[in-house]
Amino acid sequence: MGLVSWIVRNLFSRPMTNRFPKTPPVPVPEGFRGKLQYDPEKCIGCQLCVRVCPTQTIKFLPEEKKIAFWVGRCVFCSQCVEVCPTGALQMSKNFLLASDDMHDERYMGGPARRRGMER
Amino acid sequence: MDLNQLLEELKRVSGGEGFVQDQEMSKTSRRRRVWVTADRRNFRSVILKLVEMYTYPQLSFIVAQDLGDRLQLIYSFEVNSGKPLEAVEVSVKVDIPKDDPRIATITDMFPGAEVYEREAQEMIGVDVVGLPDKRRLLIPEDFPEGVFPLRLDEKGIPPELWKKKSPHPLEGDGNE
Amino acid sequence: MSEEYRELGVSIPIGPFHPALKEPIGFRIWVEGEKIVKADIRFGHNYRGIELIGARRNWIQILYLAERICGICSWSHQFPLAQAIESLMDVRPPDRANYIRVVVGELERIHSHMLWLGVLGHEIGFDTLLHLTWGVREKVMDALELISGNRVNYAMATIGGVRRDITEAKRDILLRKLDDLLKGVETLRDIVLTHKLVLLRTEGVGRYDRELALRLCLQGPMARMCGIRKDVRQDEGVAAYGDLGFRAIVARDVVGKDGCDAYSATAVRVAETIQSINLVRDALMEMPPGPISAFPKPIVALTRASKAEGEAIGRYEAPRGEVIHYVRAAKSDKPKRWKVRAPSLINVYSTKWVFPGHQIADAVVIAAQPDPCIACTERALIVDLDRGERRVVDHAYLTELSRRKSKEVMGDV
Ligand code: SF4
Ligand code: SF4
């Protein structure tokens, strides 16, 4: 196939990319790392996730023996999910996280006691 | 050449210590490293010895570090490059006292070393004698004079230059 | 401005913004008429002090910091660091992990080389090539997404192995994708290596001397285009490359001679892309069963690494050349010193010796030759000291200049 025939064929084929946000997003693959999900019921307060998180996203709350996190810092490495012994942390498929407010409700996880939320 | 033989040869020239790392990585390949210490006065002859023994060892990098009581430069060379599964990384460690941080350049043997020596010079404050271009390389011109980012003593980054606050809306942020 | 600048006449800074690399670059070239007489390179416009930050993180955390040194070579920085830590602990990863490491590393190489080819096309005014290569590149990104879950920053390497397995089902999809990819890349190779415009704008441009390349210790495709058969994958056989019998490609294997110029660099990179596709296929076919990591959980690796002591070096051949990580440990969960050497540091710095003698319009090609993502260059400033005139021009102007030359040389033929 030469250069010209490739170009001509491309004229009649669909674009390579998806016109998001005009069209719905492409489905994410299995194993996609999106926003962190936390189930405080299952958490035993072992702090392993705090130790391995590269960005200090997760904070330990000593009184409740639970954790709180702010997704604004998360780099979606899923290291915390891997070490959590009880499966209290999971990665969701949600990647629509853009916002102009860093105190956005969607970024916060875990029991309340966050400075940003009390404004 | 056998790793231990190579080490002995280099130790003879430098008069220093050294050891060999030889670890298995996969079924066929091994990770081969030779570490040897040299004196500030004779490290160039160790490097010359390498150049003699292997036509053009490849200069990999120069590590500049602060060991507390002294500074250290590690000149690391890849020898046997181009021979499948035979490469050896030879690292020559040179100690430099803090009160007289001078060391000779190797840019006459390896012109490409200029970039690493310029980096070492601004990062831990060694004075590379004979370096053709002594300007700063990585840190900006308006960074204070006499502050060396990777020094661990009073010449390192003073506390007031550290960024203290991070935009973390949770309580008890470790960076505070 | 100093006397020296005045003597040399007109100077043109290109740069300094290059957010894509650890080393954002400011080129400054001195010209006499159209001819470049001297060049200087200024790094550090985006210096982030990553080595210092790394000394404040533990062994697991630092892996993800290393991954973010570069957006394109995220595997190529995480992997040598993981290797260096393995060397400290004297741990050998299981065989299956080694094969998966080859798959991820080679897929990354394909997408990086495709990106570079597109950028080269753009710089010489051959935008059709840009669109076609980046179209092909999408398939690689899909493959990486399939394996790791995300398109960039795969978070695949860990101490003692990899984090995700390639299942049978995924393997079959990957093999199908690779056939598609191979067809696309082979067509691209036939187009690029024979196209008149590419030949005219790259042959003889950015020509190194083989001796100079050896003494400067150039890395990666820049060394191989000069006929120096040097590749960490071959020399040290990292991961499973030794088991797969990998051999490096130099320019004379592809185009018959070592041109040491931008054309040879193109030829080497295109040939390596095809080699990488075959390597991925071999690795997928020959992958042995077994565990994918020497440690069941990262926290075990962290505990073990915290007991390690000494120094170690990890090496890997990134798409642009050899990446080396040095770590020193002293029985703590943090490294005492972490040093990263990226190949672009020397490859880009070496252009200083190559600029003189070329035309201004070739500057963009020379700067793009070592693959520093020159497309990210934001603006340039032209200072004409004779006339005391200052003009701010953007990258578009320089590209325009390069394109005008392309039109002219095409008109001559
Ligand atoms: S995914 Fe990674 S960065 Fe995000 S909270 Fe978990 S460990 Fe931290
Ligand atoms: S690792 Fe899991 S159980 Fe332990 S503190 Fe974190 S969320 Fe809770």
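The values are calculated or read from the model by the stated rules, or taken from the named source; none is laboratory data. Source: prediction; values computed, not measured. Counting neighbours? That spans all protein chains shown, and the Cβs are built from the backbone with ideal geometry, glycine included. The accessibility values were calculated without ligands, DNA or RNA, using every heavy atom of the protein model including side chains. Shrake-Rupley method; radii C 1.70, N 1.55, O 1.52, S 1.80 Å.
Only one of A:Glu82, A:Glu41 is more than 30 Å from C:Arg189 (Cα to Cα), loosely packed, with under 11 Cβ neighbours inside 10 Å and either of a type in the set (D, E, K, R) or in contact (Cβ under 8 Å) with a residue 24 or more places away in the chain (or both). Can you tell me which?
Values: A:Glu82 fails: loosely packed, with under 11 Cβ neighbours inside 10 Å.
Being more than 30 Å from C:Arg189 (Cα to Cα), loosely packed, with under 11 Cβ neighbours inside 10 Å and either of a type in the set (D, E, K, R) or in contact (Cβ under 8 Å) with a residue 24 or more places away in the chain (or both) holds for just one of A:Glu82, A:Glu41, which is A:Glu41.
Identify all residues within the stretch B:75-97 that are over 16 Å from the mean Cα position of the chain (by Cα) and open to solvent by 20 Å² or more (accessible area, probe 1.4 Å); write none if there are none.
Of everything in the stretch B:75-97, those that are over 16 Å from the mean Cα position of the chain (by Cα) and open to solvent by 20 Å² or more (accessible area, probe 1.4 Å) turn out to be B:Asn80, B:Ser81, B:Gly82, B:Lys83, B:Pro84, B:Leu85, B:Glu86.
Give the residues of the stretch B:98-118 that are within 11 Å of another protein chain (Cβ to nearest Cβ) and open to solvent by 10 Å² or more (accessible area, probe 1.4 Å), sorted by residue number.
Scanning the stretch B:98-118 gives B:Thr107, B:Asp108, B:Met109, B:Pro111, B:Glu114.
Taking C:Glu32 as meeting all but one of (1) open to solvent by 10 Å² or more (accessible area, probe 1.4 Å); (2) assigned by TED's automatic domain parsing to the domain that holds C:Asp165; (3) more than 23 Å from the chain's Cα centre (by Cα), write down the number of the exception.
Tallying (1) open to solvent by 10 Å² or more (accessible area, probe 1.4 Å); (2) assigned by TED's automatic domain parsing to the domain that holds C:Asp165; (3) more than 23 Å from the chain's Cα centre (by Cα), C:Glu32 fails exactly one: (2).
Quick one: C:Asp179 ticks every box in (1) in contact (Cβ under 8 Å) with a residue 12 or more places away in the chain; (2) open to solvent by 20 Å² or more (accessible area, probe 1.4 Å) except a single one, so which number is it?
Single failed check for C:Asp179: (1).
Filter the stretch A:29-38 down to residues that are within 10 Å of another protein chain (Cβ to nearest Cβ) and surrounded by 13 or more Cβ atoms within 10 Å (Cβ to Cβ) and give me whichever is farthest from ligand 2 (Cβ to nearest atom).
Of everything passing the filter in the stretch A:29-38, A:Pro29 is farthest from ligand 2 (Cβ to nearest atom).
Just to verify a result, which residue in the stretch A:50-79, among those that are within 14 Å of chain C (Cβ to nearest Cβ) and assigned to a helix (DSSP H, G or I), is most open to solvent (accessible area, probe 1.4 Å)?
The residue in question is A:Arg51.
Residues checked against (1) open to solvent by less than 10 Å² (accessible area, probe 1.4 Å); (2) of a type in the set (A, V, I, L, M); (3) within 14 Å of chain B (Cβ to nearest Cβ):
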site: C:Asp235; (1), (2), (3): yes, no, yes
site: C:Gly245; (1), (2), (3): no, no, yes
site: C:Ala251; (1), (2), (3): yes, yes, no
site: C:Val270; (1), (2), (3): yes, yes, no
site: C:Ile274; (1), (2), (3): no, yes, no
site: C:Lys307; (1), (2), (3): no, no, no
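Can A:Thr86 be described as within 7 Å of ligand 1 (Cβ to nearest atom) and β-branched (Val, Ile, Thr)?
no
Among strands (runs of 3 or more DSSP E) lying entirely in the stretch B:86-130, which contain 1 or more residues that are acidic (Asp, Glu)?
Working: elements: B:88-97, B:102-104, B:127-129.
Correct list: B:88-97, B:127-129.
Kindly indicate whether any position in the stretch C:256-267 is under 26 Å from C:Arg101 (Cα atoms) and within 14 Å of chain B (Cβ to nearest Cβ).
Keep residues of the stretch C:256-267 that are under 26 Å from C:Arg101 (Cα atoms), which gives C:265-267.
This time we only want the ones that are within 14 Å of chain B (Cβ to nearest Cβ), so: none.
Looking through the stretch C:256-267, none of the residues is under 26 Å from C:Arg101 (Cα atoms) and within 14 Å of chain B (Cβ to nearest Cβ).
Tally time: how many residues in the stretch A:89-105 are within 9 Å of ligand 1 (Cβ to nearest atom) and open to solvent by less than 30 Å² (accessible area, probe 1.4 Å)? Talk me through it step by step, then tell me what you get.
Just the residues of the stretch A:89-105 that are within 9 Å of ligand 1 (Cβ to nearest atom), to begin with: A:89, A:91.
From what is left, the residues that are open to solvent by less than 30 Å² (accessible area, probe 1.4 Å) are A:89.
Qualifying residue count, the stretch A:89-105: 1.
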